Amino acid sequence: MHRILIVTPDRTSLSAFATSLAESQDVQVAWAESGQSAVSDVMEHTPLGVIIDENLLDMTGFDLVRRLLPINALINTVVISDLPPETFHEASEGLGILAQLSLKPTPSDARAILARLKRMSPSGLAFPRT
């Protein structure tokens, strides 16, 4: 079972996205509301990926990515942000962020992220075709 951690103070806005992620029988979705709780979770359970809201209760999404890098630089991170793509790229340069998602990611976005994670996974995840 592969774990994807979603870090957001607002689960409701990401519920459809999370449901789509969890449709894969190889994926378990976990939640954290703050950056610090996400750090604690990652130290206990190595996730396949971390989906991070741009603003958390205790730090920004980029700050959390910076905190995760020394723990495990191979964790795939995705940040939910409304920054224009060029500004996002400049702000995230050097952080190794896999992708940017819109503020309201869709089930289609979830399938696309899973496909990217599958390609990046050393264990070759088996995802259902949609």
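Overview of values
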read-out	value
Tabulated pairs, region 98-112, first closer than 13 Å to Phe88 by Cα, second among the aromatic types (Phe, Trp, Tyr) and buried (at least 16 other Cβ atoms within 10 Å of the Cβ), C-beta under 7 angstrom, 6+ apart or interchain	Gln100/Phe88
Residue within region 54-77 that is at pLDDT 95 or above, among the hydrophobic types (A, V, I, L, M, F, W, C) and touching a Leu at 6+ places or on another chain (Cβ under 6 Å) present	yes
Among (1) acidic (Asp, Glu); (2) touching a residue at least 12 places away in the same chain (Cβ under 8 Å); (3) more than 17 Å from Ser121 (Cβ to Cβ), the one test that Asp26 misses	(3)
Of all residues in region 38-67 being out of contact with any helix residue (DSSP H, G or I) (no Cβ under 9 Å at 6 or more places or on another chain) and in contact (Cβ under 8 Å) with a residue 12 or more places away in the chain, the one that is farthest from Ile4 (Cα to Cα)	Arg66
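Each row is one residue, and each column tells you yes or no for (1) assigned to a loop (DSSP other than H, G, I, E, B); (2) surrounded by 15 or more Cβ atoms within 10 Å (Cβ to Cβ).
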{"position": "Arg3", "(1), (2)": "no, yes"}
{"position": "Thr12", "(1), (2)": "no, no"}
{"position": "Ser24", "(1), (2)": "yes, yes"}
{"position": "Pro47", "(1), (2)": "yes, yes"}
{"position": "His89", "(1), (2)": "no, no"}
{"position": "Gly94", "(1), (2)": "yes, no"}
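The values are calculated or read from the model by the stated rules, or taken from the named source; none is laboratory data. Treat the numbers as computed from the prediction; the structure is a model and nothing was measured. FYI the Cβ positions are ideal-geometry reconstructions off the backbone, even for glycines, and counts take in every protein chain you see.
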